[in-house]
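Only one structure is covered here, and it is reproduced in the block below.
The values are calculated or read from the model by the stated rules, or taken from the named source; none is laboratory data. Predicted, not measured: the structure shown is a model, and the values here were computed from it. Here Cβ is always computed from backbone atoms with ideal geometry, including for glycine, and neighbour counts include all displayed protein chains. SASA here: full protein model, heavy atoms, side chains in, ligands and nucleic acids out. Shrake-Rupley method; radii C 1.70, N 1.55, O 1.52, S 1.80 Å.
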Amino acid sequence: MAALEGMRVLDFGHWIAGPLTAQLLAEQGADVVRIDRPGAVDVRRDAYLQRNKTRVTLNLKEAGDLAAATELAETADVLIENFRPGVLDRLGLSADVLRAANPRLVYASLPGFAAADPRAQVAGWEGVIAAATGNCRVRVGEAPTDWDMTRPTYPSLPLASNFAAILTATAVVAALVDRETSGVGARIEVPLFDATFELIGGAGAYSKARGYRIEDPLVANGSGTYECADGEFVQFNPIGATMRFLTWFLDAAGEPAWVGEGLGLASSYAADPSLAATLRVRLTELFRTRPAQEWEDIGRAAGVPLCRIRTSAEWLENEHARASLQVLEADDPEWGRRWVAGSPVHLSATPSVQPRPRALPGATDVPPAHRPEMVNPAVPKLMREIRVVDLTQILAGPSAGRMLAEYGAAVVKVNAPQRPIEAHGVVNRGKASILIDLQRTEGQALLWELIEQADVLTQNFPEGTAERYGFGFHHVHARRPDLVYVSVSCYGYQGPWSRGRGYEVQGQAVTGIMERTGRGESRRCWVRTIPWTTGPAPWRRSRRCSVSSIAPAAARGSMSRHLSPRSGPSTRPACSSPTRSPTVQPDAIPSVRATCSDSTVRRTAGSSSVRRRNSGKPSRPFRPSKATPWSAGWVSCARWASEPTP
């Protein structure tokens, strides 16, 4: 039984954002009914976007078909649409009308701009959203030396649509979780404009104190893109709390003397900042001595984040992509058998569904609603009752915990006392934090105290690392069989690369995202995007959830994504917001505010807090990350006042 099996979803979407949201839910077992307009013609991307769906053609301007659509909505669990605000309202399919007839309905909208935004009736195509959010440019430090930074640059991927779809899918699951207790659905709005601020992330944070700033180039410890002897390129990122990755690489490359010269010591760069330029020049020369594939093999054997930059076509044929099920072979009625994106999410107890061939428009009838009995029925928890132990680092993993905190979960971020903790404050806001040295017996005992009280544990170590510390899945499962154990990694936990290290940039490099933007004479110009991967909240029996950040990226030109078990949300805000508020938290992110039928939302550049009006109980607003001393019981964050932003 898949995690969302028995959930009926109506897909009124078009283009990418709406259909992708529905496909993400279908991937975890939801029964998705796709509503096609008469004369709809699929294009090649629909081999992915419309798979695993039942389809029916309805003309919503005709009374009979409109009545059929209304009847479908009256028995559905979720409705997804991405028209401009007001389009479905004029047809009699508004959230107010449908939720009055079906109070359990979760009604999700993905407009270009929010209903309360003055630009609400502007067609929110990708280029419009990119222009409105300041994303028609190359990231600083990654353009060729002669690049005109005033020249608008259109991203090669539908970033706004992908981010909005991921956020909406997770918000839908969160709303379904709350419905298990409240019995009432929700109204969700995730404008593409707002969703893009998740992409902007930390560069848009703390604007009151710092002003609006351009993101820093990713150049630490020699990080960057390097051309190799065969004309191909590699992406090398020896970043971290220490210079160990650079040292390991230099040893494996046969250049240990560089360390002795000071190029592998952080103290040397502090004393002489010009060494950074020297390191880059010498790395440029070094990488030109061998072909890219040989460098990738050397880097992987040494355990450093280094990979060859591939095309999307190469990724679809890659041995690891296929062995890890991150691309799958599926049938299509028009284009035959082809390799397409698989699922980056693997649940031990409720696996993702196997791809079902795309049905052609109008080819099937709608089956009756099906609501199977739950395999392990139990009293559901509200999000604010869920406790999360967060062992993750850098970006993807901490974002998972942050998003759960935004939905109200109590999250404790575990940091090593040897590592600086201020570098990623934006992705750790909303959490309590504690310093634990896991290399000491006392620290491991303290971690187990946290685990004993938790519902969820998240970690993003390479395969085998958690096991060496004694808190791998099987260790935790033996003591806490009801806990949800989430593993987030770059390459996944199956296949020949499963033990490889990688960051955001490796995920983009191997799947073809970088090559799509950097091909041609400007090939060194890699416009980077952000593949979010996040973890689930709990169900009532033990399961492991492993999430890879690279699986779908090249096959559909999108970010990685994640859905959770039926009784647990993935991540992200349950509503997005339209208008900028004149008041902001001191030294925080500019906030925007929205009012939906069931929630008041403060939406920031990648964060929100939600108060459910129908329950009268506020979920946990975000707060900046803070160090909190351990005391008996669960470490929880202080709440903001529940008053909405004026």
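Using the alpha carbons alone, the radius of gyration of the stretch 419-480 stands to its Kirkwood radius in an Rg to Rh ratio of 0.96. Largest accessible area first, the listed residues Asp194, Asp146, Asp65 line up as Asp146, Asp65, Asp194 when surface is computed with a 1.4 Å probe on the assembled protein chains. Distance between the pseudo-spin-label points of Arg479 and Glu285 (7 Å out from Cα toward the beta carbon): 5.3 nm.
Using a 1.4 angstrom probe on the protein heavy atoms only, line up His346, His320 by accessible area, largest first.
The ordering from most to least exposed comes out as His346, His320.
For the stretch 161-255, the pair-distance distribution built from all alpha carbon pairs, in bins 5 Å wide starting at 0, is 2, 10, 11, 11, 11, 12, 12, 11, 9, 6, 3, 2, 0 percent. Two decimals is fine: what's Rg over Rh for the stretch 35-139, C-alpha atoms, Kirkwood radius as Rh? On the Cα set of the stretch 35-139, Rg over Rh gives 1.02. Each part reduced to its alpha carbon centroid, the stretch 217-264 and the stretch 318-341 end up 34 Å apart. Computed from the Kirkwood radius of its Cα pairs, the Stokes-Einstein diffusion coefficient for the stretch 222-295 at 25 °C and 0.890 mPa s stands at 195 µm²/s.
Rolling a 1.4 Å sphere over the protein heavy atoms, what is the accessible area per residue of the stretch 165-252, to the nearest Å²?
Details: 2750 Å² over 88 residues.
Each residue of the stretch 165-252 exposes 31 Å² on average to a 1.4 Å probe.
Restricted to Cα atoms, the stretch 377-460 shows a radius of gyration and a Dmax of 12.9, 43 angstrom.
Of the residues Arg44, Arg104, Arg280, the one with the largest accessible area comes first in the ranking Arg44, Arg104, Arg280, computed with a 1.4 Å probe on protein heavy atoms. Between Val41 and Gln293, the contour length at 0.36 nm per residue exceeds the alpha carbon distance by 86.6 nm. Straight-line cross-link reach from Lys431 at under 17 Å between alpha-carbon atoms covers these aspartates and glutamates, not counting any fewer than eight positions away in the same chain: Glu385, Asp390, Glu406, Glu422, Asp455. Distance between the C-alpha centres of the stretch 280-296 and the stretch 68-134: 51 Å, rounded to the whole angstrom.
Across q = 0.10, 0.14, 0.20 Å⁻¹, the stretch 102-225 modelled as identical point scatterers on its alpha-carbon atoms has Debye log10 I(q)/I(0) values of -0.44, -0.76, -1.17, in the order of the q list. Among the chymotrypsin sites (Phe, Trp or Tyr not before Pro) within the stretch 145-227, which fall in a DSSP loop and have no more than 15 other Cβ atoms within 10 Å of their own Cβ? Those satisfying the criteria are Trp147, Tyr212. To the nearest 10, the accessible area of Cys307 is 0 Å² with a 1.4 Å probe. Panel note: the C-alpha atoms of the stretch 470-510, placed on their principal axes, show extents of 39, 18, 15 Å (largest first).
As an exercise, use a Förster radius of 35 Å and the Cβ-Cβ distance of Arg419 and Glu261 to find the FRET efficiency, rounded to the nearest 0.05.
Values: r = 26 Å, r/R0 = 0.75.
Calculated transfer efficiency: 0.85.
A full extension of the chain between Thr150 and Asp230 corresponds to an added length of 25.5 nm, given 0.36 nm per residue minus the alpha carbon distance. Each principal axis of the Cα cloud of the stretch 199-250 was taken in turn, and the coordinate range along them, longest first, works out to 46, 27, 14 Å. Normalised Debye scattering of the stretch 256-333 at q = 0.22, 0.26, 0.27 Å⁻¹ gives log10 I(q)/I(0) of -1.10, -1.29, -1.33, counting only Cα atoms as equal scatterers and leaving out solvent. Each label was represented as a point 7 Å from its Cα along the Cα-to-Cβ direction; for Arg90 and Ala323 these points are 5.5 nm apart. For the stretch 173-201, backbone nitrogen atoms closer than 14 Å to the point 7 Å from Arg104 Cα along Cα-to-C-beta are found at 176-186. In this rough spin-label picture, where each label sits 7 Å from Cα along the Cβ direction, the Glu467-Gln494 distance is 1.6 nm.
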